Amino acid sequence: MFAMMETARLEALHLANDPATGLKAIIAIHNTRLGPALGGCRYLAYPDDESAIRDAIRLAQGMSYKAALAGLDQGGGKAVIIRPAHVDNRAALFEAFGRMIESLGGRYITAVDSGTSSADMDCIAQQTRHVTSTTAAGDPSPHTALGVFAGIRATAHARLGSDDLEGLRVAVQGLGHVGYALAEQLHAVGAELLVSDLDAGRVQLAIEQLGAQPVAAAAFLTTPCDILAPCGLGGVLNAQTVGQLRCAAVAGAANNQLASTDIADEMEARGILYAPDYVINSGGLIYVALKHKGEGLPAITAHLSRISQRLTEIYAHAQADKRSPARVADALAERLLFG
């Protein structure tokens with residue numbers, strides 16, 4: 001466990017067990033140099049405890065990098081609740097988790113993530129104020145999509161010479177809250193949409209409402225397009241798939257798109273521009289962080305505009321240094337986090 005922490009440069013790892021509610025929770029705090037750690041809470045089944053701990057540590061590290069390059073006064077953290085096979089009272093379980101957060105004295109602020117909802121955050125809020133993404137705070141997904149859309153424009157300008165998306169073929173993988181909102185914005189500016197999702201109903205909706213062309217999930221990465229936008233699960237760019245890409249750039253909302261940073265080097269060698277995922281998808285984090293601080297929508301919208309500026313800066317550094325944008329982004333974030 002300590003070896004994992006040292007490799008990730010993790011500050012702290014907190015575990016809680018509450019047999020009365022079935023709570024088994026992990027909170028990983030990666031870095032608090034810039035401010036209290038902020039990151040979502042996952043509620044998922046895991047094959048074993050070590051897998052859950054590794055997931056929390058990996059995600060907490062990503063949140064530190066994301067917050068740093070988003071220009072937020074926040075550190076990075078992540079929580080994982082191991083979902084039991086059966087739970088008698090979900091509300092009680094999340095209230096117990098709220099008490100765990102409260103015991104940390106404000107070092108960690110939680111939010112919605114995979115498997116959790118605003119209703120769960122409302123339960124946590126019964127026990128601590130160190131929570132956002134509540135029903136009252138609102139859904140961060142539209143703001144994630146706004147940031148990704150702005151990032152796609154910046155990516156198109158850097159790779160194709162113009163941020164005009166009209167007529168560009170953009171392939172969107174995953175039509176959840178963020179992916180569908182992104183597809184709507186792309187359609188509004190005249191982009192040619194290719195879409196893929198395991199939910200056939202979401203694909204049909206995009207065909208009817210947005211004039212999208214469907215692409216089978218198995219063929220998505222090999223589909224010729226200008227910009228590939230992964231907006232579903234992570235890990236889609238790996239040693240097996242990177243050679244199959246037929247796009248000019250990859251710019252999407254999914255977290256942890258790269259199996260390793262070496263994959264970004266391969267994309268760079270092939271002339272495929274990669275938008276570092278934790279930079280382009282930081283709109284949701286910006287929203288929840290500033291909302292938690294009491295900021296209004298104008299301030300949040302102004303901060304979102306910095307996503308495209310940061311990407312443009314990263315692309316310029318990458319071109320000058322002949323390195324992948326992923327390497328440049330990591331180096332910039334680490335300078336902010338560790339000096």
### Task
Please work out if Met1 is surrounded by fewer than 18 Cβ atoms within 10 Å (Cβ to Cβ) and of a type in the set (A, V, I, L, M, F, W, C).
yes
### Query
Of Ala60, Ala52, which residue is more than 23 Å from Ala275 (Cβ to Cβ) and open to solvent by less than 10 Å² (accessible area, probe 1.4 Å)?
Ala52
### Task
Give the range 82-98 a look and list any residue that's at pLDDT below 95 and either more than 19 Å from Ala52 (Cα to Cα) or crowded, with 20+ Cβ neighbours inside 10 Å (or both), or say none.
Asp88
### Query
Does His292 count as touching a residue at least 40 places away in the same chain (Cβ under 8 Å) and either within 29 Å of Asp197 (Cβ to Cβ) or surrounded by 15 or more Cβ atoms within 10 Å (Cβ to Cβ) (or both)?
yes
### Task
Give the residue that is surrounded by the fewest Cβ atoms within 10 Å (Cβ to Cβ), with candidates limited to residues of the range 191-202 that are in contact with a Leu (Cβ under 7 Å, 6 or more places away or on another chain) and either of a type outside the set (Asp, Glu) or assigned to a helix (DSSP H, G or I) (or both).
Arg202
### Task
Sort out which residues of the range 227-278 are among the charged types (D, E, K, R) and surrounded by 20 or more Cβ atoms within 10 Å (Cβ to Cβ), and write them in order of number.
Asp277
### Task
Look through the range 244-261, keep the residues that are out of contact with any strand residue (DSSP E or B) (no Cβ under 6 Å at 6 or more places or on another chain) and in contact (Cβ under 8 Å) with a residue 24 or more places away in the chain, and return whichever of them is nearest to Ala156 (Cα to Cα).
Ala248
### Message
Being of a type in the set (Phe, Trp, Tyr) and either in contact with a Pro (Cβ under 9 Å, 6 or more places away or on another chain) or open to solvent by 30 Å² or more (accessible area, probe 1.4 Å) (or both) narrows it down to one residue among Tyr43, Tyr65; which is it?
### Response
Tyr65
### Message
Cβ-Cβ distance below 9 Å, separation of 6 or more or different chains: which pairs start in the range 79-92 with a residue that is closer than 26 Å to Gly62 by Cα and end on one that is part of a helix (DSSP H, G or I) and open to solvent by 30 Å² or more (accessible area, probe 1.4 Å)?
### Response
Ile82/Asp49
### Query
If only one of Ala320, Ala316 is at pLDDT 95 or above, open to solvent by less than 70 Å² (accessible area, probe 1.4 Å), assigned to a helix (DSSP H, G or I) and not aromatic (Phe, Trp, Tyr), which one is it?
Ala316
#### Entry: the range 206-218 - residue that is assigned to a helix (DSSP H, G or I) and under 24 Å from the mean Cα position of the chain (by Cα) and, of those, nearest to Leu175 (Cα to Cα)
Ala206
### Sole residue being more than 21 Å from Asn281 (Cβ to Cβ) and either acidic (Asp, Glu) or touching a residue at least 40 places away in the same chain (Cβ under 8 Å) (or both), chosen from Val236, Val203, Val178, Val215
Val215
### Query
open to solvent by 40 Å² or more (accessible area, probe 1.4 Å) and closer than 30 Å to Ala183 by Cβ - does that describe any residue in the range 102-113?
yes
### Task
Run Gln309 past the list (1) open to solvent by 40 Å² or more (accessible area, probe 1.4 Å); (2) assigned to a helix (DSSP H, G or I); (3) at pLDDT below 95 and report the number of the one that doesn't hold.
(3)
### Task
Could you grab me the full set of residues in the range 219-234 that are assigned to a strand (DSSP E or B) and aliphatic (A, V, I, L, M)?
Ile227, Leu228, Ala229
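The values are calculated or read from the model by the stated rules, or taken from the named source; none is laboratory data. Computed from a predicted structure; not experimentally measured. For neighbour counting, all protein chains shown are included, and Cβ atoms are generated from backbone atoms with ideal geometry for every residue, glycine included. Only protein heavy atoms, including side chains, enter the accessible area calculation; ligands, DNA and RNA are left aside. Shrake-Rupley method; radii C 1.70, N 1.55, O 1.52, S 1.80 Å.
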